[in-house]
Amino acid sequence: QVQLVESGGGLVQPGGSLRLSCAASGFTFSSYTMSWYRQAPGKERELVGITSTGGSTHIVDPVKGRFTISRDNAKNTVYLEMNSLKAEDTAVYYCKARARGLEYWGQGTQVTVSS
């Protein structure tokens, strides 16, 4: 049974930091490209970052320099380190696994940036 379980979200003040984790099970984690997406209220889900099976990473421009994506294949976990958080980073954050036409999504974790 495939499972992606996000954790680490919460309420944080502007300028603060959070580290999201996505624990995977039920598939060969190291063979899957892992991504983080987010969806703010009233907006479409958007890509935040990707880490490939080889470990290369890509972070989208709106969060570049503030967010970092990484993976630990030994722990079957992908991370999203978020620094200098802004109100506009408020969203539900989802992880996704993709390989060979298959896609799996987690249930999401809420991140709220507010004073």
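The values are calculated or read from the model by the stated rules, or taken from the named source; none is laboratory data. Note that the structure is predicted; figures quoted are calculated from it, not measured. Methodologically, a virtual Cβ is constructed for each residue, glycine included, from the backbone with ideal geometry; neighbour enumeration extends over all protein chains shown. Accessible surface areas use protein heavy atoms only, side chains included; no ligands, DNA or RNA. Shrake-Rupley method; radii C 1.70, N 1.55, O 1.52, S 1.80 Å.
Just going by the charge dipole of the chain, with Lys and Arg at +1 and Asp and Glu at -1 on Cβ, which of 3, 113, 68 is farthest out on the positive end? Selected residue: 3.
How high is the relative contact order of the chain, given as a whole-number percent (alpha carbon pairs under 8 Å, six or more residues apart)?
36 percent
Here each label is just a point 7 Å from Cα along the line to Cβ, and for residue 30 and residue 60 those points are 3.0 nm apart. PRE reach from residue 70 (point 7 Å along Cα→Cβ): which of segment 11-50 fall under 20 Å by backbone N? Residues passing the 20 Å test: 16-24, 29-37, 48-50.
Computed with a 1.4 Å probe on the full set of protein chains, the accessible area for residue 28 sits at about 90 Å². Here r is the Cβ-Cβ distance between residue 115 and residue 43 and R0 is 30 Å; the resulting FRET efficiency, rounded to 0.05, is 0.90.
Loop-located GluC sites (Glu not before Pro) in segment 1-70 (DSSP state not H, G, I, E or B) with no more than 12 neighbouring Cβ atoms inside 10 Å: 44. Per-residue surface analysis assigns residue 92 an accessible area of about 40 Å², computed on protein heavy atoms at 1.4 Å probe radius.
Distance between the modelled labels on residue 100 and residue 2, one decimal in nanometres: 1.2 nm (7 Å Cα→Cβ projection).
Loop-located trypsin sites (Lys or Arg not before Pro) in segment 32-115 (DSSP state other than H, G, I, E, B) with a sparse environment of at most 10 neighbouring Cβ atoms within 10 Å: 43, 100. Rounded to the nearest 20 debye, the dipole size of segment 16-112 about its Cα centre is 120 debye, using +1 on the Cβ of Lys and Arg and -1 on the Cβ of Asp and Glu.
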